[in-house]
Amino acid sequence: MTTPAQQVEAWLARLAGERQASPHTVDGYRRDLAKLTAWMEAQGVGEFAALEPNRMRQFVAARHRAGLAPKSLQRLLSSCRSLFRQLSREGALAHDPLAGVRGPKVQRKLPVVLDVDEAASLVEAGGDGALGVRDRAMLELFYSSGLRLSELVGLRWGDLDLDGGEVRVLGKGRKTRIVPVGRHAVAALRALGAAEDGAAEAPVFRGRGGATISPRTVQARLQKLALMHGFAKHVHPHLLRHTFASHMLESSGDLRAVQELLGHADIATTQIYTHLDFQHLAKVYDAAHPRAKRK
């Protein structure tokens, strides 16, 4: 008889192989589902088919008592749901063990963003020399197109259409999307290309020895540049993505377009930026309306 742990490993292998999930995603599922299978073993539950909603509520409560944060509990439940859906498709599970089961409510934090002047100051902080040209192009492209860190480091020159002002990126779930590139970013990339061989398969951003730049190097360069120019905020690649999204929504009001640009599968993920936009409007109102002053 196949054990729950073996069923989990078979599903993870399928995720990595057939669906080409990233190692990071697979490891996250493995850590989450190991908590479930360990609890099942401790409770004497030998198969997933024996799990019922009441048992799963007990599992959630046990993890909560053990100190697991609400956000981590929600991720744990999401991992369990994904596994249960696959088992159901295979005919190994005839019911939903998580029917009606909800985790604790997560207080969603609004992302920190730069204002327009801060963003302009940062992207112009590339510095001099070959390293400065590369850094300027990275910063401009982050802010111009809202790329994820993994999308930026994976770029090849063949992905760029600088004449058309476009870039093709490979996002989450190995989904490809085309994103506009602003004129300042195009100019910075042209300057970088003039110093590189520009072969279609060559990486756009290189580290030591000409190899593809590592995500850690990008993070370190952004932090160093921010400190050099006196930024009080913690500057990281995703901050520039948040800033891009917030400024785009503030200017256009088109949530669906921002969703497409960011490559979000679910518009609910993008809707957090509507809260940022309202915060901006509320600040303007409080500052400008004569009867909005608060003591």
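The values are calculated or read from the model by the stated rules, or taken from the named source; none is laboratory data. This is a predicted model, so every value here is computed, not measured. Backbone-built Cβ (ideal geometry, glycine too); neighbour counts: all protein chains shown.
Quick look at the values:
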{"quantity": "Out of LEU240, LEU227, sole residue that is at pLDDT 90 or above and assigned to a helix (DSSP H, G or I)", "calculated": "LEU240"}
{"quantity": "Filter result for GLY103 (more than 26 Å from LEU249 (Cα to Cα) and not in a helix (DSSP H, G or I))", "calculated": "yes"}
{"quantity": "Among residues of the range 253-271, those that are farther than 14 Å from GLY146 by Cβ and of a type in the set (Val, Ile, Thr), counted", "calculated": "1"}
{"quantity": "Helices (runs of 4 or more DSSP H) within the range 2-75 that include 3 or more residues out of contact with any Phe, Trp or Tyr (no Cβ under 6 Å at 6 or more places or on another chain) and over 18 Å from GLN86 (Cα atoms)", "calculated": "23-43, 53-65"}
{"quantity": "Residue count, the range 263-284 (criterion: in contact with a helix residue (DSSP H, G or I) (Cβ under 6 Å, 6 or more places away or on another chain) and outside any helix (DSSP H, G or I))", "calculated": "1"}
{"quantity": "Residue list for the range 112-139, filter: surrounded by 22 or more Cβ atoms within 10 Å (Cβ to Cβ), part of a helix (DSSP H, G or I) and of a type outside the set (Val, Ile, Thr)", "calculated": "LEU122, ARG134, ASP135, ARG136, ALA137, MET138, LEU139"}
{"quantity": "From the options PHE205, PHE142, residue that is out of contact with any strand residue (DSSP E or B) (no Cβ under 9 Å at 6 or more places or on another chain), buried (at least 18 other Cβ atoms within 10 Å of the Cβ) and under 30 Å from ARG19 (Cβ atoms)", "calculated": "PHE142"}
